[in-house]
Amino acid sequence: QVQLVESGGGSVQVGGSLRLSCDVSGSADSTYCMAWFRQGPGKEREGVANIDSNGVTGYAPSVRGRFTISRDVKPTLYLQMNSLKPEDTAMYYCAKGRLYCYGLTLKEDDYDTWGQGTQVTVSS
């Protein structure tokens with residue numbers, strides 16, 4: 001079974017940066033689609049960014065140009081977050097796809113394994 005463990009969350013001021021990490025254990029390989037989702041207070045969970053089976057990345061419009069998703073060979077998934085805004089405050093979740101994907105893939109139904117989440121708080 002695959003297990004995902006997020007880390008790197010914390011509190012930061014507007015305009016600051018954080019890097020989130022997601023350690024992957026189990027049978028996952030580099031062909032799986034992987035993504036970051038988030039859920040802010042009083043909001044629905046939304047897709048933030050994904051990396052497909054060819055390493056091509058996709059982003060929600062709200063984070064495009066500020067966030068960068070990447071993956072190494074272990075695999076470990078990363079989310080580099082720059083120019084943070086108060087509306088980025090949320091619990092951030094790492095997710096693994098059911099198998100593989102190509103292109104922008106940010107629907108919850110495309111993912112079958114989730115981490116426990118890491119909190120990001122952005123203050124003025």
### Task
Please calculate how many Å² of accessible area the chain carries per residue, with a 1.4 Å probe and no DNA, RNA or ligand atoms counted.
50
### Task
Let me know the charge dipole size of segment 23-68 about its Cα centre in debye, to the nearest 20, where only the beta-carbon of Lys, Arg (+1) and Asp, Glu (-1) is charged.
300
### Sequence ranges 4-17, 41-54, ranked by mean other-Cβ count within 10 angstrom, highest first
41-54, 4-17
### Task
State whether segment 21-61 is rounded, prolate or oblate according to the following rule on the C-alpha gyration tensor (a ≥ b ≥ c being the square roots of its eigenvalues): a/c under 1.5 gives rounded; otherwise a/b larger than b/c gives prolate, and the remaining case gives oblate.
oblate
### Number of Lys pairs (Cα under 20 Å; 8 or more positions apart or on different chains) in segment 16-112
4
### Message
Counting pairwise Cα distances across segment 1-71, what percent come out greater than 17 angstrom?
### Response
52
### Contact order normalised by residue count of the chain, Cα under 8 Å, 6+ apart, percent
36
### Task
Run the accessible area of the chain with a 1.4 Å probe and give the carbon-and-sulfur part as a rounded percent.
46
### Task
For segment 54-110, evaluate the Debye formula with one uniform point scatterer on each Cα (no solvent term) and list log10 I(q)/I(0) at q = 0.23, 0.29 Å⁻¹, rounded to two decimals.
-1.18, -1.58
### Task
Return the inverse of the average 1/r over all pairs of distinct C-alpha atoms in segment 28-124, which is the Kirkwood hydrodynamic radius, in Å to one decimal.
13.4
### Summary
With +1 at each Lys and Arg Cβ and -1 at each Asp and Glu Cβ, the charge dipole magnitude of the chain around its Cα centre, to the nearest 20 debye, comes out at 280
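The values are calculated or read from the model by the stated rules, or taken from the named source; none is laboratory data. Remember, predicted model here, so these are calculated numbers, not experimental data. FYI the Cβ positions are ideal-geometry reconstructions off the backbone, even for glycines, and counts take in every protein chain you see. Ligands, DNA and RNA are excluded from the accessible area calculation, which covers all protein heavy atoms including side chains. Shrake-Rupley method; radii C 1.70, N 1.55, O 1.52, S 1.80 Å.
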